[in-house]
Amino acid sequence: MRPDLQISDLGSPSDVHGVHGAAGVTQWRSLAAGRGLRGPYEAVEWACVPPGGLSGEHLHSRTEEAYVLLSGRGEALLNGAPHPVRAGEVILTGLGATHGLRNTGSGPLSWLTLEVPAPRTMALAHTPWKDAPMAEPHTGEAVVVDLGELRDVDPRPTLQGPLRRIRLLELAPGASEALPGQGAEHTVFVLSGAGTATSGSGDVTVREGMSVTASGGEDLTVTASTAGLRAVCASFVVGSPHGREMGL
């Protein structure tokens, strides 16, 4: 099967009312989903709420999730406990944990959502959805980590599914980052600057607010333009539950 790239931007997001039972409107955009990809994960999405906006508290009974905060400040409610959060941090929510997110700042609060099935639910892939057992409340862990400080986050052991790395890429003008495709899929979301994403499928010009996702087996190289480039890179394992193919 020919490898593919999924290219997305933030143009024309949807307005979603009452996300997880909360009042108000959330802007939402799907950046990558299962069609055309090889990995066992749900979606890569972008969301944004205005000052005072809220993504309601809810239980993760079948999936794990990472929020990569892109702009603004807020308060995350993790297993019932409040945590101040800001752009540059990542909220990891494991199977059986609850989370919610409120914008407490004066500007928009936006984030990437990386949603993946947990190993237990992957094992139940052939069980009818309505019959799959749900996780008990507060059996999972939810934590906040600083991507700006760490630069390279391994979401385990909080998350156990196919999400293996979340990295902050800062490329000087003309510099490149190679992302091997063997056993892996990668999503790169550009925070600032511009550049080129190169793969066997061709070259794509990328800029702030754009994402490129490479399907399994597709090598991807990101090269910064003369202005440099900052991006978030999320890497997912394909095939092995232990991630040996991608060296993680």
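All of the numbers you see were taken from the coordinates with simple rules; none came from a lab. Keep in mind it's a predicted model, so treat the numbers as computed, not measured. Virtual Cβ from ideal backbone geometry, glycine too; neighbours counted across all protein chains shown.
Can you pull the one-decimal nm distance between simple spin-label points at ARG156 and ARG230, each 7 Å off the Cα toward Cβ?
Label-label distance for ARG156 and ARG230, simple model: 3.0 nm.
If you stretched the chain out fully between ALA43 and ASP146, how much longer would it get, using 0.36 nm times the residue separation minus the C-alpha to C-alpha distance?
34.8 nm
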